[in-house]
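Working notes, structure below.
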Amino acid sequence: MSLAIAQLNAALVGRYAVERVLGEGGMATVYLAHDVRHARLVAVKVLRPELATAVGAERFLEEIRTTAGLQHPHIVPLHDSGEALGTVYYVMPFVEGESLRDRLTREGPLPVADAVRTATEVASALAHAHRRGIAHRDIKPENILLQDGRALVADFGVALAVGRTADARLTASGLSVGTPQYMSPEQAMGERTITPRADIFALGVVLYEMLAGEPPFTGPTAQLVVARTISQEPTPVRELRQTVPEHVAAAITTALAKLPGDRFADAESFAAALAGRAADPAASPAVRTAASADARRARVSSRAAAVAVALTAVGASILTWGLAGRGSAAPPLVRAAVTLDRGERLAFGFAPLDLSRDGRYLAYVAETDGQSVLVVRALADSGGRRLPGTEGARDPFFSRDGEWLGYFAGERLMRVPSAGGAPSVVAELSGAANGGTWGDATIAFAAGGRLFRIRGERGATEEIVIREARMFDGTAIPVPRVRGPELLPGDGAALVTSDSGVAIVDLVRGTLRVILRGSSAQFVPPGHLAYDDGEGRIRLVAFDARGGTSRGESRPLLEAFRTAGGGMSMFAVSDAGVVGWVAGSFRRRLVRVAPDGRETVVTAEPRGYRFPRFSPDGRTIAVTVDPRPSSIWLVDAARGSASRLTLEDRHSITATWSPDGARVAFSAVGLDWVPAAGGPAVPFLRWERGTRAIGAASWLRDGRILGVEGRDATWQGTRQLVVLSPGDTTLAVLTAEEAHEDMPALSPDERWLAYTSDISGRSEVYVRRFAGGGATALISTGGGTDPRWSSGSDRVYYRHGTRVLSVRLRIADGVVAAIGEPTTVADGDYDFSQTNNWDVARDGSLVLVRSDPPIGSQVRLLLNWDPAATMRALPR
């Protein structure tokens, strides 16, 4: 029995005994179950967790109950619905037979009589629902079941509930109501009011497919299907199949009218037309009051004019898109979103995404199954294309012509054709990479806080030595470390991010001048800069590229996700009016997953929670809370009450408990600790700001702390495991291998060390003796990171992509080995945008972070963006 079924049976104990999975769709997983109370087989549909979260369990169940009164011979009735232990479900009879989709897949076009009978029965079901004010909104062959030759319409409740509760939360989940091939034009255009005539259109599509073998509007991508639905007329069905009666063909034509008012007034009229006894459809009241033929053609034409917008929007997995008119001469501003494939998350590096200059392509680094890879996605397509050979990639950047992508892998600068091909090495790095840029004939990149460039196709790597640095007022400052270069036109100067703000580096003179506070600046031709203001917003300011100066006041453009420590470029701007950014919020909650799989919300009030850590007794969770300045809070794991622990007006992050639970260490300017009962912070170990990066992981009983040292202060590049002693800046290094080793976790008896290493070429979890040497055991399979221990030294937990797994250990004669395959203990839409964003208590309970909207699953877009109009229109 799978873990999911075991968890479901635990949630539904005494009511339903789940046997097996019947199928899985975009909104729910369907299980065959035994109704314990009534001794019958039923189908239990369990909502996808992200849909249940987006819609809200109470709202969903309230809406779905309105469909319980639909009692009709061609509607699958609703037996039951509810929520148990965080699982939202509804129950229907188990229909023995197959779906219409199954029959079409097996047989192709159906006999005319069968097709017409099926459509008539579905029309009868729709008429019954429509008279009660209920539209289905997702009629398609998958939702039409066939039992003993009789059609049964399923899933009225889901379509209604999701449709009525569609809002920003549903938008963020990446889910929508409707399937492109069966969507009416008004659904495809995103109109808010959807009438029952959308069901008539969808039924016309289904009937057309039953007779012709395929829907009337098809295409290789979803956006092309929608574009054709909006703008094209279907091929008459009799041209494809001459045996279709003329009155049936005429009924289909009426059902597929672009304008709702030109379709049948109701489902009964559609059924009557299929029987050959319908009056002139134009006699219906809705059609009689419609506009003239010329006006109708004009309205259809206006929809066709929006095809370019719909093409881009749907291809980018539109979740919601608004058309904000900016005058008759300007195209509409379109808001869209690219949703990553299921199981993928953005791999958060320094700059995890980029747009081609022409705005046609998006490149990003996706993490799946513990491995990162470059993905290129045309905004007019519904899916991305992974580039083979780019495993371990980070920080992509397009060439000016869009033909190439530069990126970093390990301590190498690489390039690969954006259309796919063999990657090649451009340069070996002397330090951790901090972003790159491709100019007219130059590549510039930052590594180890220094700036480098490569001129020409096969030029040598040369360092840009910065000899002089000044603030915007002319004050001389020490030469700062730089990152995130952006070459300006002509390749003679570059924008960079420094510790003092956004700066211009003259690549010829070797001078640096800070021009504004912020980071991650990008030039927007012909005369603007977009940059991160350090407070979670992208701002826009006028900019003279030739003189290297900003002019006037900046304006806020977008709210963007940004880690509290800063330093990551979470947006990209093209030259062609497209902006892409990673959205996020500080609306995060802590959730607890019990050893039996039950999930409960720990914190009722959302805050910017990250890096949760259980106290040794499991009763308290120390957690970092954003926004700036970040601070450490303590959360009661049972009651959810939260109180701030660190009160200093500076960043304090990544809490670590002492073994007795009396103290909490945290990273600030160095490493400090504070009594868990409250009090002033006490230095543990201090170092000069910006010179090194050291993070705590486990506090030993002898007072030392096990931690990680980064090669530089930006946490980029190779890391090593170290042991810290109070006040002693001489670190005891545990690793000497040329590998990236990170995230150490010490077993409760302090004998065994679990950690992450990429010595094999990808991140895996290993266990070895903490002291005394000995063999190292590979614990994870196929990738892993973030190891943890629970109550004893015989089980390790770790993360693999979006899953948390556990594996048992066998320790004999001082040798450790994994026993059996890892077991999944949690799998859901948790926030793993950063490492160490979860923890395990001694009893095996997990604490994880949920974000609203989910972070890293989506890239949002602005299309047809005009920076000059933004400067004029947005408030200061």
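The values are calculated or read from the model by the stated rules, or taken from the named source; none is laboratory data. These numbers were taken from a predicted model, which means no experiment stands behind them. Cβ atoms come from the backbone with ideal geometry, glycine included; neighbour counts cover every protein chain shown. Heavy atoms of the whole protein, side chains included, go into the accessibility calculation; ligands, DNA and RNA do not. Shrake-Rupley method; radii C 1.70, N 1.55, O 1.52, S 1.80 Å.
Accessible surface of segment 78-120, 1.4 Å probe: 49 percent of it comes from carbon and sulfur atoms. How high is the FRET efficiency between residue 277 and residue 65 when r is their beta carbon distance and R₀ equals 41 Å, given to the nearest 0.05? Working from the Cβ atoms, E equals 0.65.
Note on segment 106-127 and segment 414-459: Cα centroid distance 60 Å, given to the nearest whole angstrom. Principal axis extents of the C-alpha atoms in segment 419-488 (largest first, rounded to whole Å): 48, 24, 20. Here segment 596-707 is treated with +1 on each Lys and Arg Cβ and -1 on each Asp and Glu Cβ, and its dipole about the Cα centre works out to around 220 debye.
Heavy-atom accessible surface of residue 45, to the nearest 10 Å², is about 30 Å², with a 1.4 Å probe and all protein chains retained. Which FRET efficiency value, to the nearest 0.05, do you get for residue 506 and residue 9 by plugging their Cβ-Cβ distance into 1/(1 + (r/R0)^6) with R0 = 51 Å? That gives a FRET efficiency of 0.15. For segment 111-147, the residues whose amide N sits under 18 Å from a probe point set 7 Å from the Cα of residue 243 along the beta carbon direction are 111-119.
Label sites at residue 21 and residue 596, each approximated as a point 7 angstrom past Cα along Cα to Cβ, lie 2.4 nm apart. Assign one of three labels to segment 729-876, namely rounded, prolate or oblate, based on the Cα gyration tensor with a ≥ b ≥ c the square roots of its eigenvalues; rounded applies when a/c is under 1.5, prolate when it is not and a/b is larger than b/c, and oblate otherwise. It is prolate, given that a/c is not under 1.5 and a/b is the larger ratio.
Applying 0.36 nm per residue to the separation of residue 605 and residue 824 and subtracting their alpha-carbon distance, the gain on full extension is 76.0 nm. Approximating the spin labels as points 7 Å out from Cα along Cα→Cβ, the residue 96-to-residue 728 distance works out to 7.6 nm. FRET efficiency for the pair residue 40 and residue 835, taken as 1/(1 + (r/R0)^6) with r the Cβ-Cβ distance and R0 = 51 Å, rounds to 0.60. The order of 778, 203 by accessible area, most exposed first and with a 1.4 Å probe, is 778, 203. Accessible area ranking (1.4 Å probe, heavy atoms, ligands and nucleic acids excluded), largest first, for 345, 639, 588: 639, 345, 588. Between segment 493-548 and segment 258-272, the C-alpha centres lie 59 angstrom from each other.
Surface listing: 871, 210 arranged by accessible area from highest to lowest gives 871, 210, probe 1.4 Å. Maximal additional length on extending the residue 425-residue 232 stretch stands at 64.7 nm, based on 0.36 nm per residue less the C-alpha distance.
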